[in-house]
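Here the structure is laid out as structure tokens; the discussion comes afterwards.
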Amino acid sequence: MMGAALGAAGLGALSGCSPTEGASGRAGGGVEGRHWGFVVDVEKFNRVADMDKIRSVCAKAYNIPSIDDPKEEIKWIWEEPFEDSFAEMDEAYLADAVKDSDVPVLCNHCEEPPCVRVCPTQATFKRKDGIVEMDYHRCIGCRFCMAACPYGARSLNFSDPVKHLDHVNPDFPTRTRGVVEKCTLCSDRIDRGEMPLCAEASNGSILFGDLNDPDSDVRRALAQSFSIRRRASLGTGPSVYYVLKGVEEHA
Amino acid sequence: MYKGKRIVAFAVVFCAVVLMPFWANAFGASASSGPEVSTDTPAINQMDEKQCVAETEYMKGSHMQLLDQWRTDVVRNGSREYTSDSGQVYEKSLDGTCLGCHSNKEEFCDACHDYAGVDLYCWDCHDGSAS
């Protein structure tokens, strides 16, 4: 009797929640038809952006531990020399200015994400707005996604990450040992109508917008510049574009 | 009765031992009065009308189902707002909404979970003590 009463109360209280999958048209999260992406102006980034600042705002907001050991470090956004981030563009007489420039790299939020294909628990999945998101609750730490990602954008917590945090931001959960994590493209901020933190802290060198909208900042920048994507030949369809000249004049 | 005294004596001892738990329960110090759960936190004391996202009776019995649904809604479906039966809109957030009010983990969450003998790992990631 008591159970039945609680059950009925339960259904009533849950009526405010959206259906789990399918019918709502929002399964997978995000707004259908959007395709969020970044356009990085590499030259401008090297001139005006402060990578330490970007990494620290990102780390503070999302409780990313700072671990020096390269085997255990947790990376959401970091810097990589041009030569390494675009290894396939191994041109003989590449200009030194390009070759020596640092490129900010992060999860590419692929259109065909290999990490999503290999995840055995669907802990990582693609939202309707193109963001490749993680459900940390479901991650079993098998690291298939780390093997599948051609960009090294995923990191496993080999030890308790909380020990490596100076300060815990109570607004975002931390992770535990044995869970893989990566850049979320600030999906929680996007859902609230805010910009991703790295774009906000980049002094205009990282543009953010809807790649499906021809009038967006990112599409206008791409229409007027020569752009490249990391290892696009693999067919992953990265959503992060890099331009070497031109964004600044047109953005 | 053959060895009657002994039989009666041991029968009395036997009954006393068997009935002891019932005796203790009936007359002892509140053995099964349930856990002491406190809602005495600054955030709750500030509220004019003390109201949770759902009825107290429902929250007592089924808060885990609600939280499970919220998790699916937020992480997988991107739905972050919850409208309660009273029409008030809340953010579906364990850290923000739940632990924002119930900041006394020991006296609120732990009190009942310890009593019920359940061992949870929610707080490994959702650090209620920080808020």
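The values are calculated or read from the model by the stated rules, or taken from the named source; none is laboratory data. The model shown is predicted, which means the values in this text are computed figures rather than measured ones. Neighbour counts run over all protein chains shown; Cβ positions are idealised from the backbone, glycine included. We work out accessible area using only protein heavy atoms, side chains counted, and drop any ligands, DNA or RNA first. Shrake-Rupley method; radii C 1.70, N 1.55, O 1.52, S 1.80 Å.
Can you work out the FRET efficiency for the pair A:His167 and A:Ala232, with r the C-beta to C-beta distance and R0 = 41 Å, to the nearest 0.05?
0.60
Please state the charge dipole magnitude for the stretch B:53-92, taken about the Cα centre, from unit charges on C-beta atoms (+1 on K and R, -1 on D and E), reported in debye and rounded to the nearest 20.
200 debye
Set the Förster radius R0 to 51 Å, insert the Cβ-Cβ distance between A:Val48 and B:Met59 as r into 1/(1 + (r/R0)^6), and round the FRET efficiency to 0.05.
That pair, A:Val48 with B:Met59, gives E of 0.50.
Show log10 I(q)/I(0) for the stretch B:53-92 at q = 0.16, 0.26, 0.30 Å⁻¹, two decimals, from a solvent-free Debye sum over equal Cα scatterers.
-0.39, -0.91, -1.05
Summed for both chains, how many Å² of accessible area, to the nearest 100, are buried between B and A with a 1.4 Å probe?
Interface between B and A: roughly 2600 Å².
What shape does chain A have by the C-alpha gyration tensor, where a ≥ b ≥ c are the square roots of the eigenvalues, rounded means a/c under 1.5, and otherwise prolate means a/b greater than b/c and oblate the rest?
It is prolate, given that a/c is not under 1.5 and a/b is the larger ratio.
Quote the relative contact order of the stretch B:1-99 in percent (integer), defining contacts as alpha-carbon pairs under 8 Å separated by 6+ residues.
13 percent.
Tell me which residues come under 5 Å, amide H to amide H, from A:Val103 once H is placed; ignore anything under 5 positions away on its chain.
Amide H to amide H, under 5 Å and 5 or more residues apart or across chains, A:Val103 pairs with A:Glu80, A:Phe82.
Would you mind getting me the FRET efficiency between A:Ile140 and A:Gln224? Use the beta-carbon distance for r and R0 = 41 Å, nearest 0.05.
Plugging the Cβ-Cβ distance into 1/(1 + (r/R0)^6) gives 0.35.
Looking at the stretch A:172-251, which GluC sites (Glu not before Pro) are in a loop (DSSP not H, G, I, E or B) and have at most 16 other Cβ atoms within 10 Å?
Passing sites in the stretch A:172-251 are A:Glu194.
Tell me the mean residue ellipticity at 222 nm calculated for chain B from its helices only (DSSP H runs of n ≥ 4, each -39500 (n - 2.57), averaged over every residue, nearest 500).
-12500 deg cm²/dmol
Which semi-axis lengths, in whole Å and largest first, follow from the square roots of five times the eigenvalues of the Cα gyration tensor of the stretch A:96-135?
Ellipsoid semi-axes (Å, largest first): 29, 11, 8.
Check B:Thr83: other-chain or 5+ apart residues with amide H under 5 Å from its amide H, H built from backbone geometry?
Counting only residues 5 or more places away or on other chains, the set is B:Tyr90.
Along the charge dipole of the protein assembly as shown, Cβ charges K/R +1 and D/E -1, which of A:Ala49, B:Ile7, B:His63 sits furthest on the positive end?
Farthest towards the positive pole: B:Ile7.
Return the calculated 222 nm mean residue ellipticity for chain A, to the nearest 500 deg cm²/dmol, obtained by summing -39500 (n - 2.57) across DSSP H runs with n ≥ 4 and dividing by the residue count.
Helix contribution divided over all residues of chain A: -6500 deg cm²/dmol.
Roughly how much of A:Ser233 is accessible, in Å² to the nearest 10, using a 1.4 Å probe?
The value for A:Ser233 is about 110 Å².
By a straight-distance test (C-alpha under 22 Å), which lysines pair with B:Lys50 as possible cross-link partners, with residues fewer than eight away in the same chain excluded?
B:Lys60, B:Lys92, B:Lys105
Taking the Cα atoms only, what angle lies between the long axis of helix A:2-14 and the longest principal axis of chain A, rounded to 10 degrees?
Tilt of helix A:2-14: around 30 degrees.
Can you send over the solvent-accessible area of A:Trp78, 1.4 Å probe, protein chains only, in Å² to the nearest 10?
20 Å²
Please report the relative contact order for the stretch A:91-226, taking Cα pairs under 8 Å with a sequence separation of at least 6, and give it as a percent rounded to a whole number.
Dividing the mean separation by the residue count of the stretch A:91-226 yields 17 percent.
Any aspartates and glutamates with Cα under 12 Å of the A:Lys99 Cα? List them, leaving off those in the same chain fewer than 8 positions away.
A:Lys99 reaches A:Glu43, A:Glu80, A:Glu83, A:Asp84, A:Asp90, A:Glu91.
With θ set to phi - 60°, apply the Karplus curve 6.51 cos²θ - 1.76 cosθ + 1.60 along the stretch A:99-116 and write out the HN-Hα couplings as whole Hz, x wherever there is a Gly or Pro.
4, 8, 6, 8, 10, x, 10, 7, 4, 7, 6, 4, 6, 10, x, x, 5, 5
Over chain A, what is the relative contact order in percent, taking alpha-carbon pairs closer than 8 angstrom and at least six residues apart?
29 percent
On the Cα set of chain B, report Rg and Dmax in Å, please.
According to the Cα coordinates of chain B, Rg and Dmax are 23.6, 81 Å.
Give me the three principal axis extents of the stretch A:148-251 from the C-alpha atoms, as integers in angstrom, largest value leading.
46, 32, 22
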